[in-house]
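Structure first, then comments.
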């Protein structure tokens, strides 16, 4: 059957998933699938439904309605089997700060009943993947934020899961550590592991194969980053730098022009979406004394803001 | 260098704490409702006048006298009698926890009584249960006289009679004795637990560090944090007061002003102690264990609540002076039952004042110690 | 028997976390000993050091005899009343616990006329003390009168020979020490087990446990067995203090006692876990713990008798593990151990533990909703 074939090739398959807490709908009829070995990103503001979705996929929450298949298995038919194939890092910190790295990893192994020989091997591999430099006899509380998260990742990998669910894994971690973490994730994906990540750092989402944007429990966009940008911004995008000493009503004047669809502040500068390239060139030449313009590619942040606002 | 103490900031901290408490109905309900509930329940539970005591009797005599003796025991109202034939071990009912006392009437008892000879009867009391053993022993004298007058028509008319007047508690009502003491114990535990836990949690999740990194002075933090809980403690005591007066009918003979003052000092002292515990441990689980250890058993057992302090060896009598609860029991009993005045309560009040100040001072110093490098 | 890897893993983790902090080690092993010693020595149910004052004329020789005999007894000491002459004030100020007041014209004279009363003003804010005061005074009075008027001695035939079994000297520490032991053990194990679970909830590590293949049974066993072990490690220490420090007799079988202790620990830990299923964080678990322990101490029958309580509270007392374990301790150590008593009390603890764990596992959801 067609549906079965499709399910077999996917790591995660969700259809019409709905999760309600009393009268509050956290997840509203979402459907998507994740392929084997893919890095799949789930973006959205806090409260959009990302964590709830991940919890359902890990077997921690029961859906109100809808169908879910994780690693080809139906959680309703047996959570244990699903949990053995899945690794999970929650938003809150998953390790015990008052135990050492060794003790934490041993405990994680015990939870999954990993034999000690296997554990030794995987532990060494894991620590190498993250290029662990500190001492394993150190208390976790003494490690830096980035190292803590990496060790937590090793703990989640000890039972060699097919799929990793990472919920905001880089929250509160330094930019250097963040990029390190993502290179580790890319490495995992190359080895055939599926990585399902939620994040609210838009720049990180560039690392993903495909991204789903969530808002108010619904998926409002789902595609790879390049397509998302193309689809969301068919019109050209320009970055405007106001010149020093510019008149304060320059923005108002700019917005009055029909060539300009929207101008939004972006840090110290502005992003302008333009409807007509030719008219824009005239306009920017006319207002050259007020600002400098250059064409740019939309970032995922631009995409997100536009999509979310469009969905209003 | 920190600014001098600013009361406005303390007030702001207090206000935030109030918000916290208000939003956590669990803690609020517990702090107010719990003392009330405890005093109600255990005030009802505590009754030192023992009755319905199981007594097993072995009658080897079966005479009129022995029957009358058994009737005497029964009509005292204290005992529930059960006759057993004398086979096997006479201490069996005691060993098997079936009776608290055993009465053994020897074979020739009746004959001896009638001839006015010495007619001994064995009474074996279970000495393992302190709450009943002494009391049962105490009843024996009275029952012996009653038995003598009933069986042998011997009324021991004493040359001199003692006419006791029971002051402050004429009817020897257990509740009048226990409820005020119980209030002290319950308040002590709640006070120390509340502050120890709340503040330890802030240490653990880092918000205390945050507070200390501002120009706020440790004294302001302490005052600000303690004040709302002290008010809570006073409110709880007010509720207990109404319960004691109107449900248990305990009279209040003393000064309300002294009572409020005493409560304030007492609650403040224990809360300061709780604060000290939290500063020292900085962790909730440890704070919990510590508070329970300091706050529960010592207060129940050594505050004079049930076991009088005069009974203790001299060293311990001095040791208990370190427990604010010991002083407060004096104050609360003085106010309710004795009608004590300021002169009589001066020592306990001053002791509590001293202790509250001491604990707060030590707490401030320990706060500072961890801020300054 | 195959060792369950997950449960062993928990065992190691809980012990490591609990015992790592030296303060916790002190709390677990040193504090109970200190507390037991403190309470064992301090508490005495025997009333003494009673402050006695007397109001009588200097030439009242009988009265003086009585008062002097009181002071030389082990129970009474002279009250420091200074120059107070208001008997009521003496008691009310707390300077005297009891005041003896001779009749107007003197006791010696009154006796000669036949029939004399001595008034006793007793501070009754403490009932047991008041009753003790009265009976001691009566005893001394009878003694003095018996010597002064030997001819008036009538020997009533009926005479009670009272003996206190198992603890003939009525040494307080013999009954208090086992009771305190029991309270301390309950407090420590119950708080340990309930707070360990509450902390997992609060810090979010519970989610990690739930997302692993560990079953509810494994998690519950893993969270309780380590604390049973800790409790059992404490038990010999405190028993040693009781037996060698306080001379509490050990008339029954130590192994039976150990077995009962094991059951008690399981019970305490089960209750701790049950409590933790009702709370969300550590602070609440502290309150819940207190909510259980305080009534448990009150209703245990140690401070005052269970027989006297209103029926509702009596039923609650039947749910009190302290009551059962104190019964077991007293029966085994002091009475040598009666089969029926041991089976009934230990059985009650077992039943309670089963119920507690049963309810706890039903409440323990493998899912978060």
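Couple of notes before you dig in:
- Kirkwood Rh and Cα Rg combined as Rg over Rh, evaluated for segment A:1-115: 1.01
- Taking B:337, C:262 and counting other C-beta atoms within 10 Å, the order from fewest to most: C:262, B:337
- The value for chain C of Rg(Cα) / (2.2 N^0.38 Å) is 1.35.
- If you wrap the Cα atoms of segment A:74-127 in a convex hull and average its projected area over all directions, you get 4.7 nm².
- Under 15 Å from the residue B:60 label point (7 Å along Cα→beta-carbon), backbone N, segment B:108-128: B:108-112, B:119-124
- Degrees separating the helix A:300-310 axis from the principal Cα axis of chain A, which is the longest one: 70 degrees
- DSSP-defined antiparallel bridges as percent of all bridges, chain C, nearest 5: 35 percent
- Site pair residue A:247 and residue B:15 shows an inter-label distance of 4.6 nm when each label is modelled 7 Å from Cα along Cα→Cβ.
- Zone of residue A:102's modelled label, taken as backbone nitrogen in segment A:118-149 under 15 Å from a point 7 Å along Cα→Cβ: A:120-121, A:123-124, A:134-140
- Over segment B:185-279, equivalent-ellipsoid semi-axes from the Cα gyration tensor in Å: 32, 13, 9
- Modelled FRET efficiency - R0 41 Å, residue A:24 with residue C:237, Cβ distances, 0.05 increments: 0.20
- For segment C:1-113, the alpha-carbon coordinates run over 91, 31, 19 Å along the three principal axes, in decreasing order.
- Estimated Rh, segment C:239-315: Kirkwood, alpha-carbon pairs, angstrom: 15.3 Å
- Counting every C-alpha pair in segment B:226-349, the share spaced more than 20 angstrom apart comes to 51%.
- Volume per residue of the C-alpha convex hull in segment C:25-88, rounded to whole Å³: 126 Å³
- Computing FRET efficiency as 1/(1 + (r/R0)^6) for residue B:231 and residue B:172, where r is the C-beta to C-beta distance and R0 is 35 Å, gives about 0.45.
- Ranking of C:189, C:47, C:217, B:280 by count of other Cβ atoms within 10 Å, fewest first: C:217, B:280, C:47, C:189
- For chain B, the percent of C-alpha pairs falling in each 20 Å distance bin, counted from 0 to the bin holding the largest distance, reads 24, 40, 24, 10, 1.
- A helix-only calculation puts chain C at -19500 deg cm²/dmol for mean residue ellipticity at 222 nm, using -39500 (n - 2.57) for each DSSP H run of at least four residues, averaged over all residues.
- Tensor-based shape of segment C:78-184 (alpha-carbon gyration tensor, a/c under 1.5 rounded, otherwise prolate or oblate): oblate
- If both residues of a DSSP beta bridge must be in the protein assembly as shown, then about 45% of such bridges are antiparallel.
- Label-point separation, residue C:159 to residue C:354 (7 Å along Cα→Cβ), nm: 5.5 nm
- Over all pairs of different C-alpha atoms, the protein assembly as shown has a mean inverse distance whose reciprocal, the Kirkwood radius, equals 34.4 Å.
- Ranked A:42, C:364, criterion: other C-beta atoms within 10 Å, fewest first: C:364, A:42
- Chain C: angle of helix C:172-203 to the longest principal axis, Cα-based, in degrees nearest 10: 30 degrees
- Separation of alpha-carbon centers, segment A:90-167 and segment A:11-82, rounded to whole Å: 25 Å
- With 10 Å bins beginning at zero, the pair-distance distribution over Cα atoms of segment C:142-211 amounts to 14, 18, 16, 15, 11, 10, 7, 6, 3, 0 %.
- Helix B:25-45 and the longest principal axis of the Cα set of chain B meet at an angle near 20°.
- Shape of segment A:138-212, Cα gyration tensor, a/c cut at 1.5: oblate
- For chain A, DSSP calls about 65 percent of its internal beta bridges antiparallel.
- Along its three principal directions, the equivalent ellipsoid of segment C:48-138 from the Cα gyration tensor extends over semi-axes of 21, 14, 12 Å, largest first.
- Note on segment A:216-312: Cα-only Rg and Dmax are 14.4, 45 Å.
- CD proxy at 222 nm, helix term only [per DSSP H run n ≥ 4: -39500 (n - 2.57); per residue of chain B; nearest 500]: -21000 deg cm²/dmol
- Three-way shape label, segment A:114-176, alpha-carbon gyration tensor, a/c 1.5: oblate
- Binned Cα-Cα distances of segment A:184-265, short to long, each 5 Å bin given as a whole percent: 3, 10, 16, 16, 14, 11, 12, 9, 5, 4, 2, 0
- Segment B:317-339 and segment C:313-355 have Cα centres separated by 35 Å.
- With the simple spin-label model, which puts each label point 7 Å out from Cα in the Cβ direction, the residue A:288 to residue A:186 separation comes to 4.0 nm.
- Cα-based equivalent ellipsoid of segment C:114-234: semi-axis lengths in Å, sorted from largest, via gyration tensor: 63, 18, 9
- C-alpha center-to-center spacing [segment B:31-54, segment C:207-260] in angstrom: 31 Å
Laboratory data are not the source of any read-out in this text; all were calculated from the coordinates shown. A quick note: this is a predicted structure, and the numbers were derived from the prediction, not measured. Don't worry about glycine lacking a Cβ; one is built from the backbone with ideal geometry, like all the others, and counts go over all protein chains shown.
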